[in-house]
Amino acid sequence: MSYTKGKWEVTKHRPLDNWCIDVNPEDMIHRFSVAQCYGNKADALLIAATVNACASVNPDNPLAVAESIKDMYEALKELVEYQQKYGGVTPCLHNALAALAKTKGKD
């Protein structure tokens, strides 16, 4: 599956326009709008952040990353539980706990 590659950002082309999701918005020649969110900035931000995060993991197939997030999350939780029970505290465990905290909106 092909997708529009580049950094996805939420923009407005004019103050009264709908929120748009543009690829490469700073490049006026190569800017490309991929979606409009009709007044809902939160939806636009969620879509852009999701695409950018998934593309950072697998630039060739960000959809594969998106479809595997739930499995990766569950696997990480299981690994953390195992590590806490049998492996003691390690830098890896701290990183995993921090990653899990981010999913709850905590830094």
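Before moving on, here are some points about what is shown:
- Enumeration of residues in the range 69-107 that are part of a loop (DSSP other than H, G, I, E, B) and of a type in the set (A, V, I, L, M): Val89
- No other residue among Leu100, Leu63 is surrounded by 13 or more Cβ atoms within 10 Å (Cβ to Cβ) and farther than 25 Å from Val10 by Cα apart from Leu100.
- Condition met for Ala42 (modelled with pLDDT of 90 or more, part of a helix (DSSP H, G or I) and in contact with a Ser or Thr (Cβ under 7 Å, 6 or more places away or on another chain)): no
- Residue match in the range 56-64 (condition: without any contact (Cβ under 8 Å) to a residue 12 or more places away in the chain and in contact with a Cys (Cβ under 9 Å, 6 or more places away or on another chain)): yes
- Taking the conditions (1) buried (at least 16 other Cβ atoms within 10 Å of the Cβ); (2) in the same structural domain as Ala98 (by TED's automatic domain parsing); (3) of a type in the set (Gly, Ala, Ser) in turn, Ala75 satisfies each one other than (1).
- Condition broken by Ala101, with the remaining ones in (1) in contact with a helix residue (DSSP H, G or I) (Cβ under 7 Å, 6 or more places away or on another chain); (2) of a type in the set (A, V, I, L, M, F, W, C); (3) farther than 29 Å from Ser2 by Cβ satisfied: (1)
- When we screen Lys7, Lys70 for residues that are surrounded by 12 or more Cβ atoms within 10 Å (Cβ to Cβ), out of contact with any His (no Cβ under 9 Å at 6 or more places or on another chain) and basic (Lys, Arg), the only hit is Lys7.
- Matching residues in the range 17-34 - criterion: being crowded, with 17+ Cβ neighbours inside 10 Å and in a strand (DSSP E or B): Cys20, Ile21, Asp22, Val23
The values are calculated or read from the model by the stated rules, or taken from the named source; none is laboratory data. Here the structure is a predicted model, which is why all the values come from computation and not from measurement. Heads up, the Cβs are rebuilt from the backbone with ideal geometry, glycines too, and the neighbour counts pull from every protein chain shown.
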